[in-house]
Each structure stands twice: as structure tokens, then as C-alpha cells.
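Participant: Next up is a structure, given as C-alpha cells.
The values are calculated or read from the model by the stated rules, or taken from the named source; none is laboratory data. The structure displayed is predicted, hence computed values, not measured ones. Here Cβ is always computed from backbone atoms with ideal geometry, including for glycine, and neighbour counts include all displayed protein chains. Protein only, heavy atoms only, side chains kept; ligands, DNA and RNA dropped before computing areas. Shrake-Rupley method; radii C 1.70, N 1.55, O 1.52, S 1.80 Å.
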Amino acid sequence: MPGEPLVGIIMGSKSDSEAMQPCTDTLEEFGVPYELIIASAHRAPEKVAEWSKGAAARGMKVIIGAAGKAAALPGVVASHTTLPVIGVPKKTSDLGGLDSLLSIVQMPKGVPVACVAINGARNAALLAIQIIATGDAELAGKFAAFKAEQAQ
Ligand code: RP5
């Protein structure tokens with residue numbers, strides 16, 4: 001996608017890619033450029049920290065973090081950046097994604113992470129678009145048109 005990335009997407013594993021396809025599809029539908037990285041908070045903590053710390057300076061406005069099971073990733077990213085972070089709890093085979101949901105949503109005071117539904121990849125993208133649209137009239141217009149269309 002042309003243009004400097006405005007959304008940083010980070011996922012804990014390659015195995016999260018399929019569930020996150022609606023997220024990248026939606027950003028493309030709205031013409032919002034993104035950067036994507038696969039890095040686990042547990043398996044590659046230093047890579048996660050480095051990427052998160054540099055995201056704002058690289059021009060990112062919002063970060064979307066997707067992870068499953070003991071899904072620390074969005075919270076760890078939030079600990080390293082001042083950017084808003086949206087978590088996507090991945091559906092899991094053992095506990096149905098409740099594990100991921102609770103891991104992401106139960107953040108301690110002072111380090112917020114917005115959390116969409118289990119496998120809520122499209123909503124994560126839509127929320128990121130809404131955040132960016134607060135400072136982008138053209139994107140705000142596109143989102144308003146989408147809302148109007150959805151109401152038909
Ligand atoms: C998490 O563990 C990932 O986000 C993924 O959802 C889950 C399982 O990862 P794999 O074992 O499939 O790599 O870190």
C-alpha cells in the first residue's frame with residue numbers, strides 16, 4: 001500500500017495471520033497504509049520493545065496488536081509507546097479465545113489497551129481508522145459514508 005504507514009500491526013505468531021486478514025483488508029479498503037510485523041512478547045521480547053518504541057517516530061498513529069492464549073503482546077506494546085493500542089484477542093483451540101480476551105482486556109491502571117471482540121480484526125481496523133480520522137477530514141468523510149451505507 002503506497003504512503004507512509006499510519007497503523008502499526010503486530011501479531012504474536014504467523015498462526016495469527018489468517019484471523020488478522022480482515023484487518024489488513026479493511027485498512028486497504030479505506031486506503032490507510034500500514035506496517036506489519038510478527039513478533040511475540042514472550043519469544044522475541046526485545047524485537048517487540050524496539051519496534052514499539054520506534055513506532056511513533058516512524059509516523060504511526062495507532063497500533064493494533066493481535067495475540068492468542070497468554071496474550072501479553074498488546075499490553076507490552078502499550079508499555080513501550082504513547083500511541084493508542086488496540087488489542088485483538090485471537091480465538092484459541094483450548095479456551096475459545098477467552099484466555100486471549102482476558103489477557104488483553106485486564107490491563108492495570110495507567111496502561112490502557114482498547115480491546116475488540118475475539119477475532120475482531122475488522123473492528124480493530126475500523127477503530128484505528130476512526131482514531132486517525134479525527135485528524136483527517138478526507139478519511140472522516142470515507143468513514144461517514146461507510147456508516148451511512150451500513151445503515152441501508
Ligand atoms: C501467541 O501464541 C500468538 O499470538 C498465537 O496466537 C499463540 C500461538 O502461537 P503459535 O504457537 O501458533 O506460534 O503468542
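Participant: Has the range 39-48 got any residue that is out of contact with any Lys or Arg (no Cβ under 8 Å at 6 or more places or on another chain) and of a type in the set (Val, Ile, Thr)?
Facilitator: Checking the range 39-48: at least one residue is out of contact with any Lys or Arg (no Cβ under 8 Å at 6 or more places or on another chain) and of a type in the set (Val, Ile, Thr).
Participant: Could you check how many residues of the range 25-42 are of a type outside the set (A, V, I, L, M) and within 16 Å of the ligand (Cβ to nearest atom)?
Facilitator: The total comes to 2.
Participant: Could you look through the range 43-59, keep only residues that are touching a residue at least 12 places away in the same chain (Cβ under 8 Å) and in contact with a His (Cβ under 9 Å, 6 or more places away or on another chain), and pick out the one that is farthest from the ligand (Cβ to nearest atom)?
Facilitator: It comes out as Lys53.
Participant: While we're here: Return the residues of the range 85-100 that are under 14 Å from the mean Cα position of the chain (by Cα) and either more than 10 Å from the ligand (Cβ to nearest atom) or among the β-branched types (Val, Ile, Thr) (or both); say none if nothing qualifies.
Facilitator: If the condition is that a residue be under 14 Å from the mean Cα position of the chain (by Cα) and either more than 10 Å from the ligand (Cβ to nearest atom) or among the β-branched types (Val, Ile, Thr) (or both), then Val85, Ile86, Gly87, Val88 are the ones that fit.
Participant: Cβ-Cβ distance below 7 Å, separation of 6 or more or different chains: which pairs start in the range 1-19 with a residue that is basic (Lys, Arg) and end on one that is at pLDDT 95 or above and not in a loop (DSSP other than H, G, I, E, B)?
Facilitator: Taking only residues 6 or more apart or on different chains, the pairs are Lys14/Ile38.
Participant: Out of curiosity, is Met20 under 26 Å from Glu149 (Cβ atoms), buried (at least 17 other Cβ atoms within 10 Å of the Cβ), within 12 Å of the chain's Cα centre (by Cα) and among the aliphatic types (A, V, I, L, M)?
Facilitator: Judged against the criteria, Met20 is a match.
Participant: Hand me the list of helices (runs of 4 or more DSSP H) wholly inside the range 24-129 holding 2 or more residues that are open to solvent by 70 Å² or more (accessible area, probe 1.4 Å).
Facilitator: By residue number, 45-54, 98-105.
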